[in-house]
Amino acid sequence: MKIIPQIYQNDKRIFSTVSTFFKKYRVASVLKAANAYKAKGIPVISIFFYLFSLIFDNRSMYMDILTGKNEKDFAKDTVYRFMKSININWIQFTTLLAGRIIDDSIEHLTDNDRVNVLIIDDTTFERSRSKKVELLSKIYDHAKKQYKFGFRLLTLGWSDGNTFLPVNGCLLSTKNSKNRINEAAEVDKRTVGYARRKLAQTKATKVMLELLEAAKKAAIPASHVLFDTWFCSPSSLIAVKNIGYDVVAMAKKTSKVHYLYNGKMQPLTKIFRENRKRRGRSRYLLSVEVTIVKDEQSIPARIVYVRNRNKRSEYLALITTDMKLTEEEVIRIYGKRWEIEVFFKVCKSYLKLSKECRSLSYDAMTAHTAIVFTRYMLLSVENRKYADDRTLGQMFYLLVDEMADITWIQAIHMLMEVFIATIKDKLSLTSKQLDQLLEAFIMAVPENLVENLPISA
């Protein structure tokens, strides 16, 4: 009897997993809805499936062609034309696909009281080895405290407390032309390509609102938006509230941002000094109700001060526009924000974010980012499938309790870790904690998928 090599069996299982994912969520129809369809020749889904699967084959397209393992019916120029298309709306593609996954596989696994959230954050998308990349800019890496060449990948994600899905994102260049190394290519102003180039040169806080509008239009089920101090300004808080979401965010401890409290506009640091703190081992230090005022608009908000039990003179301030939330719920909900940090780590370490695509085209880099987002969606779905017994069928759905949401104690533990990893103008997880979260996520993903994911960071 012929012995089938184990590597062949792994490849076969991976191909089956990817094929099932594409069929179940009708990826071909989502591509078509995003204006990705063939004019003639090769179907778009075939090219997308090929690019999607390269990571699991542990080789690049170049090596695939060089070794003669490329048995596809299309040449590399076909792939390049697809990647550089100025007509495909990649924000719409990832948003619609995430919405379909949530509706079909996740939302029915939890009850209606579960707080689903949208999370906004950014990470560096490095292109340091090339100075001819379209819209390349000089960006500051807050984690490493140095300037680099590349982009800021602004990402909007969704979470129910157990599963994180990237919804959409934008590779941000810079609004300041002095920090832009290269300008945008000339494209038809009626195309999506022109719109995304214009968006890339827009201020991050405005792009955030565009991404939220896209999620709202696609009916992504979420009630709150989470972000850190970078996006937390009175204008942003009011704008997000006007879209229809409440905010839970880390407030800036600065004298430049003021809130209306006791009839006076005051910074949160002064509000903290003027109030009596809760004594003993209280779960939070202080909670006050304020009014956010900007350009003749105002909304009520609550600021919750959380103590650093290791150093009583230090504190964090969380702000929410949802006045119905208790202080404990504010802390617990904000704890879900850390899932996007794990997402960035997985994308960079395992899914070759920014390393796989060496094209100079801004369109190609945007397409590459959407493909990486889709890969992570597959991993998240498989993670949930293996961790949640309720995905096994109706009997398990009726008899097994739903997966627990993040607990208050987990959230407060994460906030305590933030004190250790605080930098001047941005808060981040410690490397040790991030590695632990990454390891927990990877351990939950099926073995056959992890074995074929290269470690690239």
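Looking at 157, 193, 161 in this structure, which one is in contact (Cβ under 8 Å) with a residue 24 or more places away in the chain, surrounded by 22 or more Cβ atoms within 10 Å (Cβ to Cβ), within 29 Å of residue 383 (Cβ to Cβ) and small (Gly, Ala, Ser)? Steps first, answer last, please.
Details: 193 fails: within 29 Å of residue 383 (Cβ to Cβ); 161 fails: surrounded by 22 or more Cβ atoms within 10 Å (Cβ to Cβ).
After applying the criteria, what remains is 157.
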Quiz item: Is it true that residue 38 is in a helix (DSSP H, G or I) and surrounded by fewer than 20 Cβ atoms within 10 Å (Cβ to Cβ)?
Solution: no
Quiz item: So is residue 317 modelled with pLDDT of 95 or more, among the aliphatic types (A, V, I, L, M) and touching a Ser or Thr at 6+ places or on another chain (Cβ under 9 Å) or not?
Solution: no
Quiz item: Which one of 247, 207 is at pLDDT 95 or above, among the β-branched types (Val, Ile, Thr) and under 15 Å from the mean Cα position of the chain (by Cα)?
Solution: 207
Practice problem: Could you list, in sequence order, all residues of the stretch 284-299 that are part of a strand (DSSP E or B) and of a type in the set (A, V, I, L, M)? | Solution: 286, 288, 290, 292, 293, 299
Quiz item: With respect to the numbered conditions (1) outside any loop (DSSP other than H, G, I, E, B); (2) in contact with a helix residue (DSSP H, G or I) (Cβ under 8 Å, 6 or more places away or on another chain); (3) of a type outside the set (Val, Ile, Thr); (4) without any contact (Cβ under 8 Å) to a residue 40 or more places away in the chain, which one is the sole condition not fulfilled by residue 270?
Solution: (2)
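Identify all residues within the stretch 80-139 that are β-branched (Val, Ile, Thr), in contact with a Gly (Cβ under 9 Å, 6 or more places away or on another chain) and assigned to a helix (DSSP H, G or I); write none if there are none. Please lay out each step first, then the result.
Within the stretch 80-139, the first condition is being β-branched (Val, Ile, Thr), and the residues that meet it are 86, 88, 91, 94-95, 101-102, 106, 110, 115, 117, 119-120, 123-124, 133, 139.
Filter once more, so that each one left must be in contact with a Gly (Cβ under 9 Å, 6 or more places away or on another chain): 86, 88, 91, 94, 110, 115, 117, 119-120, 124, 133, 139.
Residues satisfying the conditions are 91, 94.
Quick one: how many residues across the stretch 76-93 are under 18 Å from residue 212 (Cα atoms) and touching a Leu at 6+ places or on another chain (Cβ under 9 Å)? Let's see the steps before the verdict.
Taking the stretch 76-93 as the starting set, the residues that turn out to be under 18 Å from residue 212 (Cα atoms) are 89-93.
Narrowing further to those that are touching a Leu at 6+ places or on another chain (Cβ under 9 Å): 91, 93.
Residues that pass the stated criteria total 2.
Could you list, in sequence order, the residues of the stretch 222-244 that are in a loop (DSSP other than H, G, I, E, B) and buried (at least 19 other Cβ atoms within 10 Å of the Cβ)? Write out each step before concluding.
Start the filter on the stretch 222-244 by keeping residues that are in a loop (DSSP other than H, G, I, E, B), which leaves 222-223, 228, 232-233, 244.
Answer for the stretch 222-244, where residues must be in a loop (DSSP other than H, G, I, E, B) and buried (at least 19 other Cβ atoms within 10 Å of the Cβ): 222, 228, 232.
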Self-check item: Hey, residue 167 in contact (Cβ under 8 Å) with a residue 24 or more places away in the chain, more than 19 Å from residue 92 (Cα to Cα) and among the aliphatic types (A, V, I, L, M) or not
Solution: no
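Of the residues that sit in the stretch 202-241 and are among the β-branched types (Val, Ile, Thr) and out of contact with any Lys or Arg (no Cβ under 9 Å at 6 or more places or on another chain), which one is nearest to residue 330 (Cα to Cα)?
225
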Practice problem: Could you tell me which residue of the stretch 343-392 is modelled with the lowest pLDDT, considering only residues that are touching a Lys or Arg at 6+ places or on another chain (Cβ under 7 Å) and part of a helix (DSSP H, G or I)? | Solution: 391
Quiz prompt | Matching entry among 219, 249 (being assigned to a loop (DSSP other than H, G, I, E, B) and either surrounded by 13 or more Cβ atoms within 10 Å (Cβ to Cβ) or in contact (Cβ under 8 Å) with a residue 12 or more places away in the chain (or both)) | solution = 219
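The values are calculated or read from the model by the stated rules, or taken from the named source; none is laboratory data. Computed from a predicted model, the values in this text were never measured in an experiment. Counting neighbours? That spans all protein chains shown, and the Cβs are built from the backbone with ideal geometry, glycine included.
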